[in-house]
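Visitor: The structure under discussion is supplied below as structure tokens; questions concerning it will follow.
The values are calculated or read from the model by the stated rules, or taken from the named source; none is laboratory data. Fair warning: this is a prediction, and the values are worked out from it, not measured in the lab. Note: ideal-geometry Cβ built from the backbone for every residue, glycine included; neighbour counts use all protein chains shown.
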Amino acid sequence: MAQKITVHDPRGYPPKVTGKQLAPRLESLDGKVVYLVDCLFDNSEVFMDQLSQWFAERLPRVETRMIKPHASWVDAPDMRAKIESEGDAAILGVGL
């Protein structure tokens with residue numbers, strides 16, 4: 001006989017999400033700084049390393065900089081401020 005179990009989500013209830021408009025698209029990435037954000041997911045660092053190599057081979061005029069938050073699932077205002085002040089774009093890597 002099959003027995004039923006109850007599973008509880010330890011994260012609780014998700015917050016209400018309000019959509020925001022995307023940032024305007026850059027006309028070109030030439031001469032721009034693109035931050036590659038390792039979001040600390042499984043294998044995301046490997047993916048971001050590969051993406052950095054892809055940029056170096058195919059778009060050598062684009063400067064890529066790797067950056068990581070201090071912890072996963074936690075807002076990182078200092079990291080966001082650095083990307084905003086020093087970068088032109090950011091790509092968030094969530095792993096494989």
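Visitor: Please determine, by comparing only the residues of the stretch 60-95 that are touching a Ser or Thr at 6+ places or on another chain (Cβ under 8 Å) and over 10 Å from Y35 (Cα atoms), which one is modelled with the highest pLDDT.
Guide: Going residue by residue through the stretch 60-95, those that are touching a Ser or Thr at 6+ places or on another chain (Cβ under 8 Å) are 64, 66, 93-95.
When the remaining residues are screened for being over 10 Å from Y35 (Cα atoms), the result is 93-95.
On the way: G93: 87, V94: 77, G95: 59.
Only one residue tops the list, namely G93.
Visitor: Can you work out which of the residues in the stretch 50-68 that are aliphatic (A, V, I, L, M) and outside any strand (DSSP E or B) is surrounded by the fewest Cβ atoms within 10 Å (Cβ to Cβ)?
Guide: The selected residue is A56.
Visitor: Determine whether A71 is surrounded by fewer than 17 Cβ atoms within 10 Å (Cβ to Cβ), among the hydrophobic types (A, V, I, L, M, F, W, C) and within 19 Å of L22 (Cα to Cα).
Guide: Values: surrounded by fewer than 17 Cβ atoms within 10 Å (Cβ to Cβ): yes; among the hydrophobic types (A, V, I, L, M, F, W, C): yes; within 19 Å of L22 (Cα to Cα): no.
Considered against the rule, which asks whether it is surrounded by fewer than 17 Cβ atoms within 10 Å (Cβ to Cβ), among the hydrophobic types (A, V, I, L, M, F, W, C) and within 19 Å of L22 (Cα to Cα), A71 comes out as no.
Visitor: Could you run through the stretch 36-49 and say how many residues are of a type in the set (A, V, I, L, M, F, W, C) and part of a strand (DSSP E or B)? Walk me through how you get there before you give the answer.
Guide: Step one: filter the stretch 36-49 for residues of a type in the set (A, V, I, L, M, F, W, C), giving 36-37, 39-41, 46-48.
This time we only want the ones that are part of a strand (DSSP E or B), so: 36-37.
So the answer is 2.
Visitor: Residues in the stretch 14-35: is at least one surrounded by 10 or more Cβ atoms within 10 Å (Cβ to Cβ) and assigned to a helix (DSSP H, G or I)?
Guide: For the stretch 14-35, residues surrounded by 10 or more Cβ atoms within 10 Å (Cβ to Cβ) and assigned to a helix (DSSP H, G or I): absent.
Visitor: Quick check on my filter: what residues within the stretch 31-74 are over 12 Å from the mean Cα position of the chain (by Cα) and under 28 Å from R11 (Cα atoms)?
Guide: D42, N43, V46, H70, A71, V74
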